[in-house]
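This report concerns only the one structure given below.
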Amino acid sequence: MTSTTDASGTTDSYGELRAQLATLTTEAFRPEFAEIDRLPTAEIARIMNGEDATVPTAVAERLPQIAAAIDAAAERMTRGGRLIYAGAGTAGRLGVLDASECPPTFNTEPSEVVGLIAGGPSAMVKAVEGAEDSKELAAADLDALKLSADDTVAGISASGRTPYAIGAVEHARAQGALTIGLSCNADSALAAAAEHGLEIVTGPELLTGSTRLKAGTAQKLVLNMISTITMIRLGKTYGNLMVDVRASNEKLRARSRHIVSLATGASDAEIEAALAATDGEVKHAILAILGGVDGPTAARLLTESDGHLRAAIAAVRTT
C-alpha cells in the first residue's frame with residue numbers, strides 16, 4: 001500500500017483502502033436518502049421496513065449454496081467436529097450470539113459451537129482498535145482452540161474483505177478444516193478463500209456503510225439456518241420440537257413439559273413421572289413414554305441411535 005506523509009508528520013495510508021471500499025455495494029451512497037433526516041419519523045420507519053423486506057429475497061437466491069454448506073458442516077459435526085464462527089464488529093457479535101444460543105436451545109456444550117470475535121470478549125461491547133485488521137490474530141485464536149480437520153470455520157464479514165475473517169478461513173483451510181465464507185458483496189475475497197462462499201448481496205444501506213442494517217440482518221438469517229438446520233441434521237429436534245432443550249430456568253422447564261406433551265399426548269402425571277425417571281431429559285422422557293421403556297433403556301437406545309429420537313423409537317417398535 002502506498003503511503004504519503006503530510007506536513008504534520010501524520011502518515012496517510014488510506015488511499016488504497018478507500019478505493020477498495022468504493023467498489024463495495026454495501027458502502028455505496030444512496031442519493032435518494034440524502035435528506036432522510038428531514039422526513040417524519042413514521043416515513044423513515046416505512047422506508048427502513050421496505051429496505052429490510054428485500055433481505056429474505058437476497059438470502060433465497062443463495063439457498064442451494066447455503067444448504068450445501070450446512071450438509072458439509074453437519075457431516076463434520078457427526079465426527080465430533082465443532083462449528084466455529086469468526087468475525088469482527090457486528091459480524092463477530094452475530095457469530096457469538098448464534099453460538100451462545102445453541103447450548104440452551106439444543107443442549108450442546110459451549111465448546112461445540114464457538115463464536116470468535118476480533119479483539120476477544122470485550123469487543124462484544126467496545127471496539128478493539130486494529131483487531132479486525134489482523135489475519136495473524138485470527139490464526140492465533142483458532143490455534144488456541146486446537147483446531148482439527150473435523151471442525152468447520154465460518155468467517156463472517158459484510159464487506160467480505162475483513163482481514164480477521166479471511167485470515168480465519170485461510171488458516172482453517174490450511175489445517176484441513178471445512179470453511180465457509182459469509183459476506184454481503186459479490187466477488188469477495190472471503191468467499192474466494194472458503195470452500196463454501198455464501199455471498200448474500202443486500203445492496204447499499206439506508207445509512208451509508210452501516211452494515212449492521214440489511215447486511216447484519218442477512219447474516220443473522222443465514223447463521224440461524226446454519227446452526228438450526230445443522231442441529232436438525234444431528235437429531236437435536238423431533239419434528240419441529242426442541243427435544244434437546246436445556247431446562248435451565250422456570251420458563252424452559254415449563255417449555256420442556258409442553259414439548260413432551262406435544263410429542264406424546266401424555267397426561268401431566270405421565271409427563272412428570274417420565275421426566276423424573278430420565279433426570280429431566282426431554283428426549284429421553286418422550287422415548288420412555290412412546291416406547292414404554294424405563295429411563296436407563298431410553299438412554300441406551302438414544303446412545304445407540306446417535307441421539308436421533310425417530311431412530312430410537314423405530315428400534316423399540318421393531319424389537
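What nm value, rounded to one decimal, do you get for the distance between residue 270 and residue 29 when each label is placed 7 Å out toward the C-beta?
Distance between label points: 6.8 nm.
Compute and list, largest first, the equivalent-ellipsoid semi-axes of segment 237-319 from the alpha carbon gyration tensor, each √(5λ) rounded to a whole angstrom.
Ellipsoid half-lengths, sorted descending, are 19, 13, 11 Å.
Rounded to the nearest 20 Debye, what is the dipole magnitude of the chain about its Cα centre when Lys and Arg each give +1 and Asp and Glu each give -1 at the C-beta?
In debye, rounded to 20, the chain gives about 760.
Once the Cα atoms of helix 268-277 and of the chain are each reduced to a long axis, what angle between those two axes, in degrees from 0 to 90 to the nearest 10, is obtained?
The helix 268-277 is inclined about 80 degrees to the chain.
So, in Å, what gap is there between the alpha-carbon centers of segment 289-319 and segment 178-230?
39 Å
Kindly give Rg over Rh for the chain, based on alpha-carbon atoms, with the Kirkwood expression for the hydrodynamic radius.
Checking Rg against Rh, the ratio lands at 1.07.
Using a basic spin-label model with each label point 7 Å from the Cα along Cα→Cβ, how many nm lie between residue 317 and residue 45?
5.0 nm
What's the carbon and sulfur percent of the chain's accessible surface, probe 1.4 angstrom, rounded to a whole number?
On the chain, the fraction of accessible area on carbon and sulfur atoms equals 53 percent.
What ranking, highest mean first, results for peptides 225-233, 119-127, 251-259 when packing means the other Cβ atoms within 10 Å averaged over each residue?
With the highest mean Cβ count within 10 Å placed first, the list reads 225-233, 251-259, 119-127.
Taking R0 as 45 Å, what FRET efficiency do you get between residue 63 and residue 279 from their Cβ-Cβ distance, rounded to the nearest 0.05?
Given R0 = 45 Å and the Cβ-Cβ separation, E is 0.70.
Quick one: if the Förster radius is 22 Å, what FRET efficiency do residue 38 and residue 187 give, using the C-beta to C-beta distance and rounding to 0.05?
0.05
Based on Cα positions only, what radius of gyration and what Dmax would you give for segment 175-274, in angstroms?
Considering segment 175-274 through its Cα atoms, Rg and Dmax are 20.0, 58 Å.
In nm, to one decimal, how far is the modelled label at residue 261 from the one at residue 294, with both set 7 Å along Cα→Cβ?
Distance between label points: 2.9 nm.
For segment 68-118, what is the convex hull (Cα atoms) projected area averaged across all directions, in square nanometres?
Over all viewing directions, segment 68-118 projects a mean Cα-hull area of 3.6 nm².
Suppose all protein chains stay in the model; what accessible area per residue would a 1.4 Å probe give for the chain, in Å²?
49 Å²
Could you order the peptides 46-57, 208-219, 307-318 from most to least packed, using the average number of other C-beta atoms within 10 Å per residue?
By packing density, highest mean first, the sequence is 208-219, 307-318, 46-57.
What FRET efficiency do you get for residue 220 and residue 54 if R0 is 25 Å and r is their Cβ-Cβ distance, rounded to the nearest 0.05?
Given R0 = 25 Å and the Cβ-Cβ separation, E is 0.95.
Restricting attention to the alpha-carbon atoms of segment 45-177, what are Rg (one decimal) and Dmax (integer), both in Å?
Reported Rg and Dmax, both Å: 15.5, 47.
The values are calculated or read from the model by the stated rules, or taken from the named source; none is laboratory data. All of these numbers come straight from a predicted model, not from anything done at the bench. When we count neighbours, we look across all protein chains shown, and the Cβ atoms used for this are built from the backbone with ideal geometry, even at glycine. Surface accessibility is based on the protein's heavy atoms, side chains included, excluding ligands, DNA and RNA. Shrake-Rupley method; radii C 1.70, N 1.55, O 1.52, S 1.80 Å.
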